[in-house]
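The values are calculated or read from the model by the stated rules, or taken from the named source; none is laboratory data. Since the structure is predicted, the reported quantities are computational estimates derived from the model, not experimental observations. For neighbour counting, all protein chains shown are included, and Cβ atoms are generated from backbone atoms with ideal geometry for every residue, glycine included.
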Amino acid sequence: MMSIFNIFDPMTSNMLALNWLMMSIPMFFMMNNYWLIFPRWNHLWMKIFIFINNEMKIILKKKIFNLNFVSIFVMIMMINFMGLFSFVFTSSSHMIMNLSLALPFWISFMLMGWIFNCNHMLVHQVPMGTPNLLMPFMVVIEMISNLIRPGTLSIRLTANMIAGHLLLTLISNNGNKLMILLSILLILTQTMLMMLEMSVAFIQAYVFTILLSLYSQEI
């Protein structure tokens, strides 16, 4: 019997592991140089870009950082969507991929904050209105919560991607053993779950990007 976790195994071949190349597939959907007319696909992209850019403007004071976060959002969203297709490897379901996105941002934020704005970073360790007796404990709690931020970002995205894919796999494995009426009910359930997974693919990319931008504001 095949393990249900095989869908998250990037080593599908003994000679070549090409599943990680699925991360480059979304780039083919973003090329508009060969269109004579601005296509509807690009209109959809522009609406998404404008929406995320407006969200970033509310959080970020400097517009120079908007492009970085919009790029991260588009990358994660497209990887999540491509993972919903059959036989397509979902790289965002792996902790190493998500951690490689969250950790460099977090390290850069910490370096910028402690080098260029050290007083603000020290003040941020103690929330306003904290009693003097609780200040040492609050510093320890704030430091721990700050240190685990890249891990929580990665685990949140990984867990949501794995949970949805496992649920779809578990339900579909019993489809050939059911009667016709139950099979129709199974198809309807799978359709609703697929719609839920499409929304999760967008929401998780949005949450990842918004949390990164909020962490950047603290410096």
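Brief remarks follow.
- Under the condition of being in contact (Cβ under 8 Å) with a residue 60 or more places away in the chain and surrounded by 12 or more Cβ atoms within 10 Å (Cβ to Cβ), the residues counted in the range 146-172 number 9.
- Considering only residues in the range 190-209 that are surrounded by 14 or more Cβ atoms within 10 Å (Cβ to Cβ) and among the hydroxyl-bearing types (Ser, Thr, Tyr), the one that is farthest from His124 (Cα to Cα) turns out to be Tyr206.
- Among (1) under 21 Å from the mean Cα position of the chain (by Cα); (2) of a type in the set (A, V, I, L, M); (3) exposed (fewer than 15 other Cβ atoms within 10 Å of the Cβ) - the single one Leu212 does not satisfy: (3)
One line per residue, one yes/no per condition, for (1) under 18 Å from Thr158 (Cα atoms); (2) free of Cβ contacts under 8 Å to residues at least 60 places away in the same chain; (3) assigned to a helix (DSSP H, G or I):
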{"residue": "Ile72", "(1), (2), (3)": "yes, no, yes"}
{"residue": "Met77", "(1), (2), (3)": "yes, no, yes"}
{"residue": "Leu84", "(1), (2), (3)": "yes, no, no"}
{"residue": "Val88", "(1), (2), (3)": "yes, no, no"}
{"residue": "Ser92", "(1), (2), (3)": "yes, no, yes"}
{"residue": "Ile96", "(1), (2), (3)": "yes, yes, yes"}
{"residue": "Leu99", "(1), (2), (3)": "yes, yes, yes"}
{"residue": "Ile107", "(1), (2), (3)": "no, yes, yes"}
{"residue": "Met112", "(1), (2), (3)": "no, no, yes"}
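- Of all residues in the range 78-113 being small (Gly, Ala, Ser) and under 15 Å from Pro150 (Cα atoms), the one that is modelled with the lowest pLDDT: Ser92
- The set of residues from the range 141-177 being under 17 Å from Met192 (Cβ atoms) and either in contact with a Phe, Trp or Tyr (Cβ under 7 Å, 6 or more places away or on another chain) or aliphatic (A, V, I, L, M) (or both) comprises Ala163, Leu166, Leu167, Leu168, Leu170, Ile171.
- Any hit, the range 45-54, residues being in contact with a Phe, Trp or Tyr (Cβ under 7 Å, 6 or more places away or on another chain) and modelled with pLDDT of 80 or more: yes
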